[in-house]
Amino acid sequence: MKRIDFSSLIGFFIGVALSSVLVILFKENPGDVLKVLSGSFLQSKFDMGLTLFYTTCFAFAGLAFSIPFKAGLFHIGAEGQIVLSAMMAAVMGIILPESLGTFGIVLICLATMVVGILAAQTIAFFKVYKQGHEVVVAIMLNFIFAAIATYVILQNYQNPESQNPESALINPAFQGAKADGIKTFFEQSAVSSFLLLAVLSCLAVWFFEKKTKWGMEIKAYGENPTAAERMGISAKKVNFLALGIAGFFSSLVGLTEVLGSTFQYKVGFSPAYGFLGIVVALLAQGHPIGILFSSFIMAVLHKGASDLDLETQFLTRDFSKVLQAIIIFCVAGAVYLNHRRVKRDA
Amino acid sequence: MSVSNLIEFNNISKSYGDCVSLEQVHFSISTNQIHAIIGENGAGKSTLMKVLAGIVPPTSGAMSLRGKAYEPQSAQDSFREKIGFVHQHFQLADELTGWDHLELVARTQNIEQKKLVSIVQDKQAKFKWLLPLDKKIKAYSIGEQQRLEILRVLILDPEIIIFDEPTAVLSPDEIDDFLNFILDLKKQGHTLILISHKLNEIKKVADHVTILCRGKMIASDKGENFTVEQMAEKMIGRKQQPLKQEVVSETGKAHDLHLLGLKLHNNEILGVAGVDGNGQEDFIFKLRQNIALLKLKFGDISEDRYRYSIYPLQNLVENFLIRHREKFTKFGLVSKSSVRKEVEKIIQEWDVRPADSDKTMGALSGGNQQKFVIGRELWHSPDVILAAHPSRGVDIGAQEKIHQALLDQKKDHRAVVLLSSDLDEVLKLSDRFVILYKGAIKGPYVKGSLNNSQISQIMNGVELKGAGL
């Protein structure tokens with residue numbers, strides 16, 4: 001029987017404790033702040049729906065980080081892929097004729113996924129054929145993809161009824177999520193059936209890593225690349241496969257936004273989902289089922305943060321970023337220290 | 001307590017969870033002696049030395065040093081007490097030059113640059129070493145890396161030096177040099193603790209021998225009171241078995257494999273001798289390439305287990321599965337339950353300890369890892385087997401088993417390429433052998449057609465006329 005590793009959870013609580021100290025320095029009551037942060041999602045079904053929407057996005061983004069991580073890649077490019085694929089979803093939703101109906105939604109999904117996957121494969125391409133480092137390539141691509149997306153939307157598909165930088169709404173025929181059961185239950189909040197897809201995705205990834213040949217190859221390559229190559233696992237295949245899967249999950253974040261929530265592309269819609277996904281994955285130590293839970297925790301914090309402005313005197317929503325940073329730091333530290341201890345004892 | 005007892009171990013025990021690694025070990029080490037500690041894999045030698053060096057604390061028991069209680073809290077404490085540790089796996093930074101490395105160590109111990117230069121020059125001269133200290137460590141041969149590691153320890157001027165399997169990675173000439181070297185060290189007043197499997201070497205140099213078996217001390221006595229056979233017997237708990245040479249019919253189905261201009265028969269062991277760094281890597285690379293081209297089944301006992309053969313964080317089932325994944329995959333899915341049976345067979349057949357297929361590879365000792373790797377590589381009845389340094393760092397019991405297994409391959413019409421820097425191993429097992437020198441292949445020579453001095457000459461690049469086949 002394996003011992004359950006609580007180090008990330010311990011780190012999380014240390015992080016919360018440290019942030020509380022900071023709150024005291026700002027002359028606020030940490031109890032109140034924690035209550036706002038953790039309790040705001042309970043206020044109404046609508047708030048809950050919003051939290052679950054964040055959960056959905058964080059879970060996809062977490063998966064987009066964790067799979068390349070198993071292959072030994074630090075994938076920091078999800079943000080760019082999310083933005084680019086959301087742009088694709090919006091554009092397809094605007095230009096496809098209404099008469100396609102449900103088939104149109106399928107087409108939008110496929111096109112968006114292809115864009116997400118190709119965007120991620122760009123990183124693999126530079127890594128495999130040009131010996132670029134995946135972190136550097138991904139960071140640069142994040143800016144490039146964001147610029148492309150903004151340009152395409154503002155030049156060609158700007159919403160004529162709005163002063164904000166955003167696209168027109170997609171064709172009403174493709175706004176099927178408006179009527180789905182989950183959305184209706186949560187009083188037309190941002191959440192949609194994509195939540196179910198996120199849960200299924202985590203289960204599927206768990207199965208993929210445990211039971212499939214490709215999953216094993218990715219894990220083996222990540223742990224000992226020289227041995228993996230000697231046993232006939234090609235570096236090329238692992239890089240393209242792991243990043244391809246990551247791009248697929250990034251594109252699902254884009255779809256969740258455009259087909260499931262706003263039905264348009266808003267410039268700057270992502271509160272850095274791609275980067276928060278890294279935290280989610282690390283908090284769960286890469287375990288796909290754990291990602292489901294850690295994304296919920298992060299979503300609760302994220303939702304609560306937006307209420308800090310209203311509920312406290314001195315703190316703003318930016319404070320939640322400070323808090324997130326402290327928690328990330330403590331979690332990563334705890335995991336690292338525990339890892340070192342295990343290694344030393346072995 | 002006599003004054004000459006430099007170190008005393010008083011009932012030292014160490015357990016990791018339920019796993020007992022040392023049990024009530026009790027003996028002493030005298031000043032200015034070469035004290036050998038021998039035992040099978042997992043007998044607890046390395047753990048005992050880690051306890052002495054302060055790397056791990058004992059679960060119970062006490063040590064005394066120079067008659068005073070000694071309770072090291074960290075490796076730094078052992079430095080202070082003038083204990084130096086030359087590790088089996090060198091702990092060197094690839095990208096630094098040898099000199100950088102020594103300087104780094106010197107700086108942590110507050111040794112001045114001038115003093116360092118003089119110590120290093122002094123030691124190099126004394127041992128007639130010519131270490132290229134301005135080269136990066138990744139360009140060093142293994143022998144050179146070891147010398148650097150020894151220099152690293154020597155600049156701290158230790159009284160006691162621990163060597164963990166020092167000769168496991170050396171070629172025959174280097175081994176002789178090394179043995180002379182530690183005798184020199186002894187003359188200069190150092191006390192040396194030598195952990196080794198090679199009993200002949202221990203017999204040559206050790207003043208005192210302590211034998212561990214499964215965490216317990218079996219015997220501790222003067223070296224002259226043991227013969228090599230007695231040491232081996234005590235270590236493995238039974239008599240050594242002689243190798244069985246199967247008679248192989250010459251008319252065996254001989255599909256020849258054309259390799260680098262060499263023909264490889266499918267009922268022979270072809271030895272590849274040579275000092276490390278003479279093109280072994282390239283040889284192995286080309287061999288693997290040609291075997292892949294010929295679409296033959298390949299058993300790959302690689303030259304570096306850590307780099308090429310194992311995944312330390314994954315368990316034995318996964319370590320097996322990833323190697324033979326094609327055979328256990330249906331529609332892209334792998335079936336672990338059927339694999340487990342095969343893995344348990346290997347564990348039993350090769351006596352891998354601990355016998356638990358859920359243990360991670362990293363939790364096994366080096367010898368047990370090697371046994372598992374060999375079992376795994378022979379599992380699919382390969383046509384050609386590469387055995388590169390198959391018994392490097394492995395104890396006698398395991399070595400016997402490995403050698404016998406390699407000999408047994410011949411009767412099943414499999415070809416074995418045995419590459420080793422241990423010349424005795426090559427000569428003992430192979431039917432024909434080649435010698436690598438600066439990337440060139442000399443030979444093949446039939447076993448017995450050359451005497452040892454001729455072989456040494458070829459290994460050092462002297463062209464012999466009229467020798468060979």
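What is the magnitude of the charge dipole of chain B about its Cα centre, with +1 placed on the Cβ of each Lys and Arg, -1 on the Cβ of each Asp and Glu, and no other charges, expressed in debye to the nearest 20? Before the final figure, lay out the partial values.
Values: 61 positive and 60 negative charges, 134 e Å.
Charge dipole, chain B, about its Cα centre: 640 debye, nearest 20.
Interface burial in the range A:218-234 reaches 40 Å² or more for A:219, A:220, A:223, A:224, A:226, A:230, A:231, comparing the full protein assembly with the chain by itself; accessible area from heavy atoms with a 1.4 Å probe.
For every helix of n ≥ 4 consecutive DSSP H residues, a contribution of -39,500 (n - 2.57) applies; sum these over chain B, divide by its total residues, and give [θ] at 222 nm rounded to the nearest 500 deg cm²/dmol. It would help to have the intermediate numbers written out before the result.
Details: 16 runs with 169 residues, N = 469.
Here the helix-only value at 222 nm equals -11000 deg cm²/dmol.
Quick one: dipole size for the protein assembly as shown, taken about the Cα centre, charges +1 on Lys/Arg Cβ and -1 on Asp/Glu Cβ, in debye to the nearest 20.
Details: 86 positive and 81 negative charges, 209 e Å.
The dipole magnitude comes to about 1000 debye.
Each residue of the range B:43-53 was assigned a 3J(HN,Hα) from its phi angle through the Karplus expression (A = 6.51, B = -1.76, C = 1.60, θ = phi - 60°), giving 6, x, 4, 5, 4, 4, 5, 5, 5, 5, 7 Hz with x at Gly and Pro.
Electrostatic bookkeeping for residue A:245 treats Lys and Arg as +1 and Asp and Glu as -1; over the other residues with beta carbon under 11 Å from its beta carbon, the sum is 0.
Heavy-atom accessible area, probed at 1.4 angstrom with all protein chains present, ranks A:48, B:459 as A:48, B:459, highest first. Distances between placed amide hydrogens fall under 5 Å for residue B:271 paired with B:418, B:431, B:432, B:433, B:434, all partners being 5 or more residues away or on another chain. Using a cut-off of 25 Å between Cα atoms, the listed pairs B:263/B:428; B:45/B:438; B:263/B:371 include B:45/B:438; B:263/B:371 as exceeding that distance. Remark: the range B:415-429, residue by residue, has Karplus-estimated 3J(HN,Hα) of 9, 10, 9, 9, 9, 8, 8, 8, 4, 4, 4, 4, 5, 5, 9 Hz, where x stands for each Gly or Pro and the curve is 6.51 cos²θ - 1.76 cosθ + 1.60 at θ = phi - 60°.
Could you compute the FRET efficiency for residue B:214 and residue B:460, with r as their C-beta to C-beta distance and R0 at 45 Å, rounded to 0.05? Efficiency for this residue pair is about 0.60.
Hey, got a sec? Which trypsin sites (Lys or Arg not before Pro) in the range B:134-188 land in a DSSP loop and have at most 14 other Cβ atoms within 10 Å?
Numbers: sites: B:135, B:136, B:138, B:147, B:152, B:186, B:187; in loops: B:135.
Answer in residue order: B:135.
Ligands, DNA and RNA left out, the 1.4 Å accessible surface of the protein assembly as shown is 58% carbon and sulfur atoms. Calculate how steeply helix B:336-350 sits against the longest principal axis of the alpha-carbon atoms of chain B, using the helix alpha-carbon long axis, and give the answer as 0 to 90 degrees to the nearest 10. Orientation of helix B:336-350: about 70 degrees from the principal axis. Rolling a 1.4 Å probe over the protein heavy atoms leaves residue A:231 with an accessible area of roughly 20 Å². Running Debye on the range B:75-219 with equal point scatterers at the Cα sites and no solvent, what base-10 log of I(q)/I(0) appears at q = 0.11, 0.20 Å⁻¹? Rounded to two decimals, the profile gives -0.42, -1.39.
In straight-distance terms, cross-link reach from residue A:211 covers every one of the aspartates and glutamates whose alpha-carbon lies under 13 Å from its own, apart from those fewer than eight places away in the same chain; here that gives B:318. A DSSP coil position with no more than 10 other Cβ atoms inside 10 Å describes the following GluC sites (Glu not before Pro) in the range B:108-173: B:112.
Restricting to the range B:57-176, compute how many DSSP beta bridges are antiparallel as a %, nearest 5. Before the final figure, lay out each step's value.
Numbers: 4 of 8 bridges.
Of the beta bridges lying entirely in the range B:57-176, close to 50 percent run antiparallel.
Of the whole protein surface, residue B:306 contributes about 100 Å² of accessible area at a 1.4 Å probe radius. Computed from the C-beta positions of residue A:140 and residue B:304, the FRET efficiency with R₀ = 30 Å rounds to 0.25. All other residues whose Cβ lies under 15 angstrom from that of residue A:175 are scored, Lys and Arg at +1 and Asp and Glu at -1, for a net of -1. What FRET efficiency do you get for residue A:131 and residue B:282 if R0 is 30 Å and r is their Cβ-Cβ distance, rounded to the nearest 0.05? Step by step, r from the Cβ atoms, then E = 0.85.
Annotation for residue A:109 and residue B:114: the two label points, set 7 Å from Cα along the Cα-Cβ direction, are 7.9 nm apart.
For residue A:20, the accessible surface of its heavy atoms amounts to roughly 20 Å² (probe 1.4 Å, protein chains only, rounded to the nearest 10). Database remark: amide H of residue B:218 closer than 5 angstrom to the amide H of B:211, B:212, B:213 (H placed geometrically; neighbours at sequence offset of 5 or more, or on other chains; Pro and chain starts carry no H). Under the simplified labelling scheme, the residue B:93-residue B:26 pair shows an inter-label distance of 4.6 nm, with each label point 7 Å from Cα along Cα→Cβ. Based on the convex hull around the alpha carbon atoms, the protein assembly as shown presents an average projected area of 42.3 nm².
Could you give the angle, 0 to 90 degrees to the nearest 10, between helix B:113-126's Cα long axis and the longest principal axis of the Cα atoms of chain B? Tilt relative to chain B: about 60 degrees.
For the set A:266, B:371, solvent exposure ranked by accessible area (probe 1.4 Å, protein chains only) runs largest to smallest as A:266, B:371.
Relative contact order of chain B: what whole-number percent is it, with Cα pairs under 8 angstrom and at least 6 residues apart?
On the way: 834 pairs, mean separation 76.6, N = 469.
Once normalised by length, the contact order is 16 percent.
With all protein chains kept in place, the per residue accessible area of the protein assembly as shown amounts to 46 square angstrom at a probe of 1.4 angstrom.
Excluding ligands, DNA and RNA, what is the accessible area buried between chains A and B, summed over both sides, using a 1.4 Å probe, to the nearest 100 Å²?
Values: alone 16960 and 22350 Å², together 37090 Å².
When A and B are taken together, about 2200 Å² of accessible area is lost.
Pop a pseudo-label 7 angstrom from the Cα along the beta-carbon direction at both residue B:136 and residue B:68 and give the gap in nm to one decimal. Placing both labels 7 Å beyond Cα along the Cβ direction yields 4.5 nm.
What's the long-distance tail for the range A:1-77, i.e. % of Cα pairs beyond 18 Å?
Counting pairs separated by more than 18 Å, the tail of P(r) holds 66 percent.
Near the amide H of residue B:441, within less than 5 Å, lie no amide hydrogens of residues on another chain or at least 5 residues away, with H placed in the peptide plane.
The values are calculated or read from the model by the stated rules, or taken from the named source; none is laboratory data. These figures come from a predicted structure and were not determined experimentally. Cβ atoms come from the backbone with ideal geometry, glycine included; neighbour counts cover every protein chain shown. All accessible areas refer to the heavy atoms of the entire protein, side chains included, with ligands and DNA or RNA removed. Shrake-Rupley method; radii C 1.70, N 1.55, O 1.52, S 1.80 Å.
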